[in-house]
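The values are calculated or read from the model by the stated rules, or taken from the named source; none is laboratory data. Given the structure is predicted, the values throughout are model-derived calculations rather than measurements. For neighbour counting, all protein chains shown are included, and Cβ atoms are generated from backbone atoms with ideal geometry for every residue, glycine included. The protein model used for the area step is the full one, side chains on, heavy atoms only, and it has no ligands, DNA or RNA in it. Shrake-Rupley method; radii C 1.70, N 1.55, O 1.52, S 1.80 Å.
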Amino acid sequence: MDPLIFKSFTHEGLMALVKKYEPPDQDVPFTSHSLQDIFTGRTKSPESGAPRKFHPRAELENQKHYQTKNPDIAISYTWGLDLRRELPVFFEQLYERLRAINFKFTRAEFNKLTFWLDIFFVDQNSKNLALDLNDAQKIYRDAQMHVFFLFRDPLSRGWILFEIGVRAWAIKSDFHLEDHEMIAIVSGDVDPHKTYVSRNDWEQYKVAHILNRSCTQFIVCDRVTDVNTDLFKYHSYDTFSNMVTSQEQDKPMIQARLEQLLGSRTQFNHLIQAFAKRALHKLGSKFAPQILPENPEVEPATAPEPPTDAGCWSGVPLLRLLARSPSPKAVSLNLRPALPPPAPPPPPPP
């Protein structure tokens, strides 16, 4: 079976793959860097006992752990995350956050969701960065939700910044937003009841719904996240120029793609600054009042923004992720060229 048809896995499938390739010594850190060494043949594969180059999706015995559907949730994270100790903690936090938003959300429903984690999908032996960027762009554009595990200075990493940029570009394209409108929405500086028309289905959506439906969700964990270290400096920082990539040749290509999607490096920096400011407020950072004073006039007291959870970018519309809600508005962003809206009917004759 063509391995490229596999686009996601369940939490169970992910942890089965982690278990398969983990080292026997439980005290040894096991990260995506460790998996990269295995997949590129730099270290021995625990299951074969010999070094070899391979893609986990292409292994027949692994394909039972993969799904062919697009992921419900695409995950961004730093590769220093320990896959045995810290990844399960973040997944548990994600489940608790979703359950806090909808108390009817069950563990069984969470276990049916599908995820994307790049180390198990991006070919680590590939030399075609343009193709890898194209594949990732499709995933982070079309996933129902994009979550960001806040850990070890993620906003310094080129690939994570690319993934956030793709999500912002998808929103901007879908709702035909001007640059300043996109930044204002991400910053939370727009009345949450203002509406924009989606080019996907020509329906009107409130700003609060756009944030809840499409924007990157920051997931934190008290034991491993340092909110102020991981976010504070980014409220005023040249993220574009200072991004870091493990392969130096990746950086200019990622920068060029971000400029292509978002228009300019200045626009990208403004986007990340807006994300950081909004996240610091949502997460209750002690630094937040210094950089973005609350504006009570933005959200009318008579019609408040839907409840949000402190651990997320904003509330997650769970029913749009679950099969029990087949509403057409639950579909992921679709940026296929859209037909223009039908012309209005002619006025009646005098």
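Brief remarks follow.
- With a 1.4 Å probe rolled over the protein heavy atoms of all chains, the accessible area of 201, 226 falls in the order 226, 201, largest first.
- Residues in the range 1-65 average 53 Å² of solvent-accessible surface per residue, probe 1.4 Å, ligands and nucleic acids excluded.
- Per residue, the solvent-accessible area of the range 67-191 (1.4 Å probe, heavy atoms of protein chains only, all protein chains present) comes to 35 Å².
- Ranked by how many other beta carbons lie within 10 Å on average, peptides 111-117, 14-20, 57-63 from highest: 111-117, 14-20, 57-63
- Solvent-accessible area of the range 180-228 (1.4 angstrom probe, protein heavy atoms only): carbon and sulfur portion equals 44 percent.
- Here the extension length gained between residue 202 and residue 256 equals 16.3 nm, from 0.36 nm per residue of separation less the Cα-Cα distance.
- Taking θ as phi - 60° and the Karplus parameters 6.51, -1.76 and 1.60, the scalar couplings of the range 194-202 work out to 5, 10, 10, 9, 7, 6, 6, 10, 6 Hz in sequence order, x denoting glycine and proline.
- The candidates 253, 1, arranged from most to least accessible area with a 1.4 Å probe in the full protein assembly, appear as 1, 253.
- Taking amide H as placed 1.01 Å from N in the peptide plane, residue 217 has its amide H under 5 Å from the amide H of 146, 147, 148, each at least 5 places away in sequence or on another chain.
- Pairwise FRET efficiency - residue 107 versus residue 48, Cβ, R0 = 45 Å, nearest 0.05: 0.85
- Amide H within-cut-off set for residue 114, under 5 Å, with H built and near neighbours excluded: 72, 73
- FRET efficiency, 1/(1 + (r/R0)^6) with R0 30 Å, evaluated for residue 265 and residue 84 via beta carbons: 0.20
- Rounded to the nearest Hz, the phi-derived 3J(HN,Hα) couplings of the range 23-28 under the Karplus curve 6.51 cos²θ - 1.76 cosθ + 1.60 (θ = phi - 60°) are x, x, 6, 5, 8, 7, where x marks glycine and proline.
- Solvent-accessible area assigned to carbon and sulfur over the range 42-158 amounts to 49 percent, based on a 1.4 Å probe.
- Taken about its Cα centre, the range 85-232 carries a charge dipole of roughly 420 debye when the Cβ of each Lys and Arg holds +1 and the Cβ of each Asp and Glu holds -1.
- Taking amide H as placed 1.01 Å from N in the peptide plane, residue 41 has its amide H under 5 Å from the amide H of 52, 54, each at least 5 places away in sequence or on another chain.
- Accessible-area rank, largest first, for 152, 199: 152, 199, with all protein chains present and a 1.4 angstrom probe.
- Rounded, prolate or oblate (a/c below 1.5 giving rounded, otherwise prolate when a/b exceeds b/c) for the range 60-192 by Cα gyration tensor: oblate
- Solvent-accessible surface (1.4 Å probe) assigned to residue 246 amounts to roughly 90 Å².
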